[in-house]
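Report on one structure; see the data block that follows.
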Amino acid sequence: MAIVGTTAPFLGTHYRLPPNIELGVFAPFEAGQAGVICAGMDPWARYRATAQELAAFLSQAEPGAPRFAIRVNGRLEGAIVLRTNWLAGPYIQMLALAPSAQGQRVGSLVMEFVESQARKAGCRNLWVAASDFNAGALRFYERHGFVRVAEIDALLRNDRNEVLLRKKLFAGGVL
């Protein structure tokens, strides 16, 4: 029996998504810009993550954890960080979109792309976690077919919980 989901998704460094979105490795100055964007919005603002901490995280090179700048019409509008083979599929460690890109289908197109890459690689699942207070993120993921599977209490702070969500990439039985 072949092991499912052993082909690693996201081996490239640059992807174009129609109509005007691109995912690519961060240019040196972009990680700092993305850190500023993220530090000013939840959940990072509520967790008091600094722009410098977020920029350092986004500029890291880590095997199996690609970090992509999200550009719309060439303008930096966010970031996505993936763990490519977490539990039989990728884990979206971070998805951040600047307020100017929200409500413009950018997040939906990025999610559709991530899912298509995972399916092409034969992955069974797609995973994400969101803070329990981040109602907008939870709604977004649930609209895209994710289901709440667990609540992780006090993961990042004693007074906050994280919600683990899963999207099955197979229909019913064995993939």
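The values are calculated or read from the model by the stated rules, or taken from the named source; none is laboratory data. Owing to the predicted nature of the structure, the values given are computational and were not obtained by experimental measurement. Cβ placement follows ideal geometry from the backbone for every residue including glycine, while neighbour counts extend to all protein chains displayed. Ligands, DNA and RNA are excluded from the accessible area calculation, which covers all protein heavy atoms including side chains. Shrake-Rupley method; radii C 1.70, N 1.55, O 1.52, S 1.80 Å.
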At 1.4 Å probe size, put T50, T84, T13 in order of accessible surface, largest to smallest.
T13, T50, T84
With N set to the residue count of segment 1-102, report its C-alpha Rg divided by 2.2 N^0.38 Å to two decimal places.
1.12
By the scheme Lys and Arg +1, Asp and Glu -1, what is the net charge of all other residues having a beta-carbon under 14 Å from that of T84?
+3
Write out the trypsin sites (Lys or Arg not before Pro) in segment 40-121 meeting two conditions: DSSP loop, and at most 10 other Cβ atoms within 10 Å of their Cβ.
R48
Reduced Cα scattering model of segment 22-175, Debye log10 I(q)/I(0), q = 0.09, 0.11, 0.15, 0.17 Å⁻¹:
-0.28, -0.42, -0.80, -1.04
Whole-percent carbon and sulfur contribution to the accessible surface of the chain (1.4 Å, no ligands, DNA or RNA) stands at 54
Ranked from highest to lowest mean number of other Cβ atoms within 10 Å per residue, what is the order of the peptides 153-164, 138-149?
138-149, 153-164
All-pairs alpha carbon distance profile, segment 113-175, 5 Å steps from 0, percent:
4, 18, 25, 20, 15, 11, 6, 2
Can you give me the accessible area per residue for segment 19-175, using a 1.4 Å probe, in Å²?
49
